[in-house]
Amino acid sequence: MSPPADRIVMKFGGTSMAGIERIRNVARQVKREWAKGNQVAVVVSAMSGETDRLVNFCREASPLYDPKEYDVVVASGEQVTSGLLAIALQAIGVPARSWLGWQLPIRTSDAHASARIGTIDTEALNASLAKGEVAVIPGFQGQTEGGRVTTLGRGGSDTSAVAVAAAMKADRCDIYTDVDGVYTTDPRIVPKARKIEKITYEEMLELASVGAKVLQTRSVGLAMKEKVRVQVLSSFGDPDAEPTPGTFVVSEDEIGENNVEQQHITGIAYDRNEAKITLTAVPDRPGAVATIFNPLAEASINVDMIVQNVAHGTGSTDVTFTVPGAELARSLDVLEKAQQEIGYAKLIPDTQVCKISVVGVGMRSHAGVAATMFQALAERGINILAITTSEIKVSVLIHEDYTELAVRVLHTAYGLDAEDAA
Ligand code: ADP
Ligand code: ASP
Ligand code: MG
């Protein structure tokens, strides 16, 4: 007797969709799941490199492009791959139909270029699945109440997949990508990185938010809220064979408190997309810091790490902080305009920095995690420019030239290296 059918979402990223050969390979993987009698919705990314290409066209057309029109341009990459996958599925005998963001529709906020998904209408989707069709949905895109095309921010197809899974009450959401799971750190820079079998939503959320781009941060937050079962696995195995299990993102209860393998640190991530700004000789008086951060907040610029050096006796202090690299120009503009009010001497930007973060729920019950980090970096002569911590994370800012060395050294220091690694 065949097992009861599942409702599943399969998501394929840019590398998996890069070219017709790979799309054919994806079609076979989808067929494998569909042939078991499952109801399958597939969410696809644009071919790798395509979204960058489209973003560059917008910048070339005008550096001050209208985000509404940017969305019209960049959403097109996924339109192409969803149609192509539907064609490739039909060619191997699988009934398939594409459903663009506006056709379902997937309703979002009107924050163009970083819109949030509100509701997804499942009527057309359910009808298509009930007929035995595979529904192919372009990731990354949606539409506003007023009917304009939106996109969800870079890497947003992961969020589309989780949102579709939640809306159709899918049994699981499988994120197929170019690595076979979530690793203790980016396996492309640390060959000794180890694949993690199960990771909590909370840890994955923290890892993604500090730079592990294997899942978009918002997709993890949504999966946690909607209790969607997410698995990250490889799209490069034999398409007709059962895939090797990847990494399951699960609740803390499912991992269990008595897990003997529980490490203090689960993973390490790096983020080169932050920029550091130092304001020198800021008056050392109450309210001075507010005059710096209020105008940045008004300009919707998120400040991440902050260091204030108290210079005793001089009546002034240096203040250092980080902002997203893409917001550096705007931040400098805001701060230059506020110079009189803040009263600083010099404004020093620095883009040659990298944030390294160690994450793990084990930190709650184990002391000394930060000390291990500082010691390991000190032994390699790596200078720390700023520090932030949360309940399950410690981050440091360093010179970007030391990124790979720092990640490797910390990976070893926390005992994360794979046992069989050379
Ligand atoms: P996709 O196009 O499938 O969405 P992404 O490029 O967005 O794929 O994400 C996969 C990439 O994430 C991997 O190729 C890997 O280099 C990177 N990555 C960063 N940190 C990790 C990690 N901890 N585990 C696995 N992959 C990671
Ligand atoms: N194609 C979009 C991007 O490159 C969305 C995605 O792939 O998740 O950001
Ligand atoms: Mg991605």
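Which one of these does Pro63 not meet: (1) under 21 Å from Gly153 (Cβ atoms); (2) within 16 Å of ligand 2 (Cβ to nearest atom); (3) without any contact (Cβ under 8 Å) to a residue 40 or more places away in the chain?
Looking at each condition in turn, Pro63 falls short on (2).
Of the conditions (1) loosely packed, with under 15 Cβ neighbours inside 10 Å; (2) at pLDDT 95 or above; (3) under 21 Å from Ala326 (Cα atoms); (4) aliphatic (A, V, I, L, M), Ala111 satisfies every one except a single condition; which number is it?
Here Ala111 meets the rest and fails (2).
With the condition kept exactly as written, say whether any residue in the range 14-27 is in contact with a strand residue (DSSP E or B) (Cβ under 8 Å, 6 or more places away or on another chain), touching a residue at least 40 places away in the same chain (Cβ under 8 Å) and more than 18 Å from Val164 (Cβ to Cβ).
Yes, some residue in the range 14-27 is in contact with a strand residue (DSSP E or B) (Cβ under 8 Å, 6 or more places away or on another chain), touching a residue at least 40 places away in the same chain (Cβ under 8 Å) and more than 18 Å from Val164 (Cβ to Cβ).
Kindly evaluate Tyr201 against the criterion of being among the aromatic types (Phe, Trp, Tyr), under 15 Å from the mean Cα position of the chain (by Cα) and surrounded by fewer than 24 Cβ atoms within 10 Å (Cβ to Cβ).
Spelling it out, Tyr201 is indeed among the aromatic types (Phe, Trp, Tyr), under 15 Å from the mean Cα position of the chain (by Cα) and surrounded by fewer than 24 Cβ atoms within 10 Å (Cβ to Cβ).
Filter the range 114-143 down to the residues that are surrounded by fewer than 17 Cβ atoms within 10 Å (Cβ to Cβ) and within 21 Å of Arg28 (Cα to Cα) and list them by number.
Ala130, Lys131, Gly132
Within the bounds of the range 22-41, is there any residue that is in contact with a helix residue (DSSP H, G or I) (Cβ under 9 Å, 6 or more places away or on another chain), within 16 Å of ligand 2 (Cβ to nearest atom) and of a type in the set (S, T, N, Q)?
No, the range 22-41 contains no residue that is in contact with a helix residue (DSSP H, G or I) (Cβ under 9 Å, 6 or more places away or on another chain), within 16 Å of ligand 2 (Cβ to nearest atom) and of a type in the set (S, T, N, Q).
So is Ser82 surrounded by 21 or more Cβ atoms within 10 Å (Cβ to Cβ), touching an Asp or Glu at 6+ places or on another chain (Cβ under 9 Å) and closer than 23 Å to Leu129 by Cα or not?
Against the criterion (surrounded by 21 or more Cβ atoms within 10 Å (Cβ to Cβ), touching an Asp or Glu at 6+ places or on another chain (Cβ under 9 Å) and closer than 23 Å to Leu129 by Cα), Ser82 does not qualify.
Which one of these does Ile292 not meet: (1) assigned to a strand (DSSP E or B); (2) out of contact with any Gly (no Cβ under 9 Å at 6 or more places or on another chain)?
If we test Ile292 against (1) assigned to a strand (DSSP E or B); (2) out of contact with any Gly (no Cβ under 9 Å at 6 or more places or on another chain), just (1) comes out false.
Could you please give the count of residues in the range 284-298 that are out of contact with any Leu (no Cβ under 9 Å at 6 or more places or on another chain) and surrounded by 14 or more Cβ atoms within 10 Å (Cβ to Cβ)?
Final tally of qualifying residues: 6.
The values are calculated or read from the model by the stated rules, or taken from the named source; none is laboratory data. Since this is a predicted model, take the numbers as computed values, not measurements. Cβ: placed from backbone, ideal geometry, glycine included. Neighbour counts: every protein chain shown.
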